[in-house]
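The values are calculated or read from the model by the stated rules, or taken from the named source; none is laboratory data. What you are looking at is a predicted structure, and each value in this text was computed from that prediction instead of being measured. Here the Cβ is made from the backbone with ideal geometry for all residues, glycine too, and neighbour counts use every protein chain on show. Heads up: the accessible areas ignore ligands, DNA and RNA and are worked out on the full protein's heavy atoms, side chains in. Shrake-Rupley method; radii C 1.70, N 1.55, O 1.52, S 1.80 Å.
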Amino acid sequence: MRQSFSVEVTNTFSGEANYSWVRRYEVKAKSFRGAINAVSRREGYRFRKDWDDGEMARYNAIGACVCCFVSL
């Protein structure tokens with residue numbers, strides 16, 4: 001079953017989310033990973049999971065000062 005995920009992509013400063021710019025997406029996917037894959041195709045970044053608490057997950061872009069938050 002597909003769910004709706006909210007995804008925020010933003011820049012980082014010293015590893016922390018900076019929000020000097022932000023792009024928001026609503027994505028339908030089966031899992032957090034499916035949602036991040038859809039956003040990854042749109043943004044052009046490859047993401048690696050930083051943490052996950054079950055309702056929200058943070059992914060960091062590989063080789064860029066960008067992170068994204070995925071929530072249910």
Charge dipole magnitude, Cβ of K and R +1, D and E -1 - region 1-58, Cα centre, debye nearest 20: 420
- prompt: LYS30 accessible area, nearest 10 Å², 1.4 Å probe?
  reply: 150
task: For the chain, report the translational diffusion coefficient in µm²/s to the nearest whole number, using Stokes-Einstein at 20 °C, 1.002 mPa s, and a Kirkwood Rh over Cα pairs.
output: 179
task: Report relative contact order for the chain in percent, whole number only (criteria: Cα-Cα under 8 Å, sequence separation at least 6).
output: 35
message: Connecting C-alpha atoms closer than 10 Å in a GNM of the chain, tell me which of SER20, SER31, SER40 has the biggest fluctuation.
response: SER20
Long-range amide H partners of ARG46 with built H, under 5 Å: ILE62
message: Can you give me the angle between helix 32-43 and the longest principal axis of the chain, using Cα atoms only, in degrees from 0 to 90, rounded to the nearest 10?
response: 60
- request: Return the sequence-ordered ³J(HN,Hα) values of region 6-16 in whole Hz as given by the Karplus equation 6.51 cos²θ - 1.76 cosθ + 1.60 applied to θ = phi - 60°, using x for Gly and Pro.
  value: 9, 10, 10, 10, 8, 7, 10, 9, 6, x, 9
message: For THR12, what residues show an amide H to amide H distance below 5 Å, using hydrogens built from the backbone and excluding near sequence neighbours?
response: ASN18, VAL66, CYS67
message: In whole Hz and in residue order, list the ³J(HN,Hα) couplings for region 17-26 that follow from phi through the Karplus curve 6.51 cos²θ - 1.76 cosθ + 1.60, θ = phi - 60°; x for Gly and Pro.
response: 4, 9, 6, 6, 9, 8, 10, 10, 9, 10
- request: Determine the order of ARG46, ARG33 by accessible area, beginning with the largest, at a probe radius of 1.4 Å.
  value: ARG46, ARG33
